[in-house]
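Trainee: Before anything else, here's the structure in question.
The values are calculated or read from the model by the stated rules, or taken from the named source; none is laboratory data. Source: prediction; values computed, not measured. Positions of Cβ are generated from backbone atoms using ideal geometry, with glycine treated the same way; all protein chains shown enter the neighbour counts. For the accessible areas, the whole protein counts, side chains as well, though only heavy atoms, and no ligand, DNA or RNA atoms are used. Shrake-Rupley method; radii C 1.70, N 1.55, O 1.52, S 1.80 Å.
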Amino acid sequence: MRSTRLKLFESFFEAGFIDFNNVQTTKSQFYREITQLIDQEADYDGRLDGFTNELGLPPDVEVVINGKELEQFNLIDEEMQALQNAILDQQEDVGEIINNSLRAEQPQLLAIEWGPEVEKGLKSLRQEATLAKQLLDQLSMEASSAREDVKELIEIVPERQAAIKTLREQIEDNPLVPASALNSDLLDGTYLDQLPNLLTADLDDIDQRLQEKEGGILLFREALDSLIENGSAMDDEQLYQELEDKVISKLPELLIKLSNDALELSLVLTSARAETITLVPVDLSIDEAYKIASENRLDWMNERAQVMDQYRLLAFNADGLESDLSLQLSGSIGNTGDDPFRFRDTTGTLRAGLAWDAPITRLRERNIYRQSLLEYQGRLRSYYRYEDQQYLSFKNSLRSIMLQKINFEASRKQLQVATRNVLYQRTKIQEPPGQQGNTLDPQTAQRLISSLQGLQGVQDGLLAVWVGYEINRSQLDLALGTMRIDENGAWIDPGAIGPIHGYPSEETEGDNTEDETVEEAEPSDTVNEDNET
């Protein structure tokens, strides 16, 4: 776009309609944007190299990122961009033909002599007029295609308005979002009622202007044919006047207007397509997320298991504190005489007794038990802290998702404003200042550049919000413990998340064979605090 604007300002400067500052401002901004684009592309290549290295691939392997998910953000077709560039190229070609073949060597004489160079220039312009007609036809086809985008917008308007209404209702009952989000028309979807009609009117206006230009191209070619046939018979003054009135200004002016129509059509496409982009719903409360995660996440189960293991160890160590009462029996029997196998009971003895090991004597066991009490309480507090962290994590995640929903709607409204601003600034430039005897305002270029920068910034912001939303949605699926991956390790997108959307369903929730609720329990065995440790 900016190269088109630069050529436009240069042509106005040559005609004396604007000052030097406008051209230089536009040229400086153009070169600045070109260098930024080069830097961004180089940064992308560097990040891609780092990504392939992280995957363990050889550095000379060519990797192509497939961004099908981002195709919906191609708000302007590649064919439309190619068409705008083709119009720009033709503007340059026409300018070179006029400057090299049809300009008088001494303009102050108001005369030009007929010759082979002039005839060649007129025939070249004849070919350029045919090409201009082809470009006009392509632009007409793009305008017809744009009506399909408007029809798609009309179909999705009820869904979009319902989504905005649902978002407002969620904000009203959601403590995560400030109430100030409802204090303006930020989440007012009534503008969608008029937007399709507005865009349709823009397309009708474009079609009408293209039809007028088609007639203008026909008249221009007829004028060229007449000059090619009769130009040799004209005197120098008459030929100069005919060229100035019917040739030199006609085709460049028509191409400038055609470029303006292409820009307006691209803005219509941008407005229509931006409104058809939708966010995958995430309707989940903090408590619902907390419950789902606690039932599905293995790390959460491990945390609970560690508390229960510590509690079981506490009970095990408590067994060592119990009293031990033992019944002890011992005896012997001897032989009589010299016979070693002659045993008699009269020579035997029998002893019996009781042995009692009291708790007061178990110093080591008592210390182990008290240590296990401390470890259990520490593990229990650690688990409570883990639960609190998970709750806060879900709270922050769902807050970010809700704010991104709001920002996405705000970015769409900003986009509509930005497109209208660019169109207004471009229309102001399109007004032929020479007919009023004035030049364009010295700040004209700066205002146009600012409007284009604003539009680009809003488009980048819209994409950034969407990407951030998708990242948060995937991370939420991971945090819930319901994420599934395919055989290549890629995330299987579940779509909408929330009980009302059927995901996670009961089938996807973890089937826990042991559903243990961690509660603070007091051990059944206590230690006499009067005993020394």
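Trainee: Would you mention how many residues in segment 179-226 are surrounded by 12 or more Cβ atoms within 10 Å (Cβ to Cβ) and not in a helix (DSSP H, G or I)?
Mentor: Summing the residues that are surrounded by 12 or more Cβ atoms within 10 Å (Cβ to Cβ) and not in a helix (DSSP H, G or I) in segment 179-226 gives 2.
Trainee: Looking at segment 46-55, can you tell me whether even one residue there is open to solvent by 70 Å² or more (accessible area, probe 1.4 Å) and either within 30 Å of Ser144 (Cα to Cα) or assigned to a loop (DSSP other than H, G, I, E, B) (or both)?
Mentor: Yes: segment 46-55 contains one or more residues that are open to solvent by 70 Å² or more (accessible area, probe 1.4 Å) and either within 30 Å of Ser144 (Cα to Cα) or assigned to a loop (DSSP other than H, G, I, E, B) (or both).
Trainee: Taking Tyr290 as the residue in question, decide whether it is among the hydroxyl-bearing types (Ser, Thr, Tyr), touching a residue at least 40 places away in the same chain (Cβ under 8 Å) and open to solvent by less than 60 Å² (accessible area, probe 1.4 Å).
Mentor: Here the answer is yes, as Tyr290 does meet what is asked.
Trainee: Counting only residues that are closer than 19 Å to Leu198 by Cβ and surrounded by fewer than 16 Cβ atoms within 10 Å (Cβ to Cβ), how many does segment 126-153 have?
Mentor: Total meeting the criteria: 5.
Trainee: Give Leu398, Leu415, Leu423 a once-over and let me know the one that is open to solvent by less than 30 Å² (accessible area, probe 1.4 Å) and modelled with pLDDT under 85.
Mentor: Of Leu398, Leu415, Leu423, the one residue that is open to solvent by less than 30 Å² (accessible area, probe 1.4 Å) and modelled with pLDDT under 85 is Leu423.
Trainee: For segment 229-244, indicate whether the set of residues that are closer than 23 Å to Glu96 by Cβ, in contact with a Ser or Thr (Cβ under 8 Å, 6 or more places away or on another chain), crowded, with 16+ Cβ neighbours inside 10 Å and not β-branched (Val, Ile, Thr) is non-empty.
Mentor: no
Trainee: Answer yes or no: is there a residue in segment 58-70 that is in contact with a Lys or Arg (Cβ under 8 Å, 6 or more places away or on another chain), among the charged types (D, E, K, R), within 30 Å of Thr276 (Cα to Cα) and in contact (Cβ under 8 Å) with a residue 12 or more places away in the chain. Show your work before the answer.
Mentor: Applying the first criterion (in contact with a Lys or Arg (Cβ under 8 Å, 6 or more places away or on another chain)) to segment 58-70 yields none.
No, segment 58-70 contains no residue that is in contact with a Lys or Arg (Cβ under 8 Å, 6 or more places away or on another chain), among the charged types (D, E, K, R), within 30 Å of Thr276 (Cα to Cα) and in contact (Cβ under 8 Å) with a residue 12 or more places away in the chain.
Trainee: Is one or more of the residues making up segment 309-324 farther than 30 Å from Asp193 by Cα, in contact with a helix residue (DSSP H, G or I) (Cβ under 7 Å, 6 or more places away or on another chain) and among the acidic types (Asp, Glu)?
Mentor: no
Trainee: Another question, if that's okay. So, of the residues in segment 356-386 that are in contact with a Ser or Thr (Cβ under 8 Å, 6 or more places away or on another chain) and not in a strand (DSSP E or B), which turns out to be most open to solvent (accessible area, probe 1.4 Å)?
Mentor: Leu363
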